[in-house]
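Every number in this text was worked out from the coordinates using simple rules, so none of it is lab data. Small disclaimer: the values here were computed from a predicted structure and weren't measured. Here the Cβ is made from the backbone with ideal geometry for all residues, glycine too, and neighbour counts use every protein chain on show.
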Amino acid sequence: MVKAIRMETPRGPEVRFTFDGAPITGHTGETLAAALLAAGIPAFGITRQGQPRLPFCNMGTRFDCAVRVDGHPLVRACLTDVREGMDVRAQEGS
Ligand code: FES
């Protein structure tokens, strides 16, 4: 039987930002996608067909994690580091 080995992972200092106006706490060194998923955000955006969008590839190729950051559309959350004070909004209609 294989025994699971769990290693503690140190996290960086906390950073605070918002998603659709709600306060979220992430950690320095995390991607925006990781911080939003850890915070339990159910969808990063809505497709034109009204379906929720969440990260799929986690390597920047599909834009399923696209969000608006500080007014800039189509920012890939899986390639973006969290920063203190970011204003993140759901990306709609992409
Ligand atoms: S999860 Fe695929 S581009 Fe970000």
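What the table below lists for this structure:
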quantity	calculated
Relative contact order for segment 14-88, counting Cα pairs under 8 Å that sit 6 or more residues apart, in percent	38 percent
Interchain or long-range residues, amide H under 5 Å from Thr80's placed H	Leu32, Ala33
Value of [θ]222 nm, deg cm²/dmol, for the chain, DSSP H segments ≥ 4, -39500 (n - 2.57) each, nearest 500	-2000 deg cm²/dmol
Furthest towards positive pole of dipole, Cys57, Gly71, Val2, structure part the chain, Cβ charges	Val2
Sparsely packed GluC sites (Glu not before Pro) within the chain, loop by DSSP, other Cβ within 10 Å at most 11	Glu8, Glu84
Amide H contacts of Ala66 (H built 1.01 Å from N, under 5 Å, at least 5 apart or other chain)	Ala77
Neighbour-count order for Phe44, Phe56, Phe63, fewest beta carbons within 10 angstrom listed first	Phe56, Phe63, Phe44
Hydrodynamic radius of the chain per Kirkwood, over alpha carbon pairs, in Å	13.8 Å
Difference of contour (0.36 nm per residue) and Cα-Cα distance, Arg83 to Arg11	24.5 nm
